[in-house]
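The values are calculated or read from the model by the stated rules, or taken from the named source; none is laboratory data. Just so we're clear, the structure is a prediction, and the values are computed from it rather than from any experiment. In this analysis, Cβ positions are derived from the backbone assuming ideal geometry, glycine residues included, and neighbour counts consider all displayed protein chains.
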Amino acid sequence: MNAKAATIEAEAGAARARVGAYLELTKPRVVAMVLVTTLAGFYLGGRGGFDFALAFNLICGTALAAGGTLALNQYMERETDALMRRTQHRPLPDGRLRPAEALVFGCAASALGFAYLIAATNLLCAGVTAAITAVYLLAYTPLKRRSWLCDVIGAIPGALPPLAGWAAARGSLAAEPLVMFGIMFLWQLPHTFAVARLYREDYARAGIHLLPEDRSWGNPSDPVVIGAGLGLLAIGIAPWLMGFAGAAYGAIAALGGAAMLLLGIAMVRAPGRAQAARRLLFASLIYLPIVLLMMVIDKV
């Protein structure tokens, strides 16, 4: 390979690396989850056949808005990310992108996503998506440095995507997407506190308060984990009781909710055992996709 060819190859490699860094800035796995839950709400809210063109537009606009929001989150948390082992190799603390680049990219992607949703879906869908961004960046992100109640606030934007999907399909909201919101909201609490226990030292190193300090009687998050498990067990079967999912869904949701509750109790009773938190985290990662899939398959 001559010098010119080597230079061209090096430049191409550098360009690919920058594109990869921008993609990493959007947290693709989180965006994928947002898209799945948004499409679940869209499908359940649809009347008649599945509108593929509208679904495609919904995916494009949501991906842009979500990716931009997560990029702005990394911009805001670049200093704390540099202090944690699990995040120190992200594009900003790793020096692969400059903060100004992340800021411009995040703002542009978010704004383009909102504009796309307004033009291709409807104002309500775009408004719900904008609310996700606002709560995530203006409430949850700064609160992480101040109080463990950020976990409760952070569950709100995480539970709103099905409402955006339903709004895109119907142009309005109803009881059904609110139930989906409740399921996702309650599911996130034991999931988040399991993560917080597993990475307690890493978060403490960065001054992030995802888990409160232990008390003589236990941890203040324990009642939240148990209460969320009880609530999830109850509201998880609501789609069956309300008639927009069938008995097969109801049985799966009841079993999954009971498992989440029991594993939550086990984690609370064994605060020093990482294995208990891992089991709850694993169960939570199985629960949500199965429940959403059954809700879609078993749609009445």
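Would you please list the contacts, defined by Cβ atoms under 7 Å and residues six or more apart or on different chains, that run from a residue in the stretch 39-54 that is assigned by TED's automatic domain parsing to the domain that holds Pro162 and in contact (Cβ under 8 Å) with a residue 24 or more places away in the chain to a residue that is crowded, with 17+ Cβ neighbours inside 10 Å and of a type in the set (D, E, K, R)?
Cβ pairs passing all conditions: Leu44/Glu176; Gly45/Arg170.
Taking Ala109 as the residue in question, decide whether it is surrounded by fewer than 18 Cβ atoms within 10 Å (Cβ to Cβ), farther than 27 Å from Ala204 by Cβ, at pLDDT 95 or above and out of contact with any Asp or Glu (no Cβ under 6 Å at 6 or more places or on another chain).
Taking the combined requirement at face value, the residue does not satisfy it.
For the condition closer than 23 Å to Thr69 by Cα, of a type outside the set (Ser, Thr, Tyr), touching a residue at least 40 places away in the same chain (Cβ under 8 Å) and touching a Gly at 6+ places or on another chain (Cβ under 9 Å), what is the one hit in Leu143, Leu189, Leu163?
Values: Leu143 fails: touching a residue at least 40 places away in the same chain (Cβ under 8 Å); Leu189 fails: touching a residue at least 40 places away in the same chain (Cβ under 8 Å).
None of the others qualify; the one that does is Leu163.
With the checklist (1) closer than 20 Å to Met184 by Cβ; (2) surrounded by fewer than 18 Cβ atoms within 10 Å (Cβ to Cβ) in hand, flag the one item Cys150 doesn't pass.
(2)
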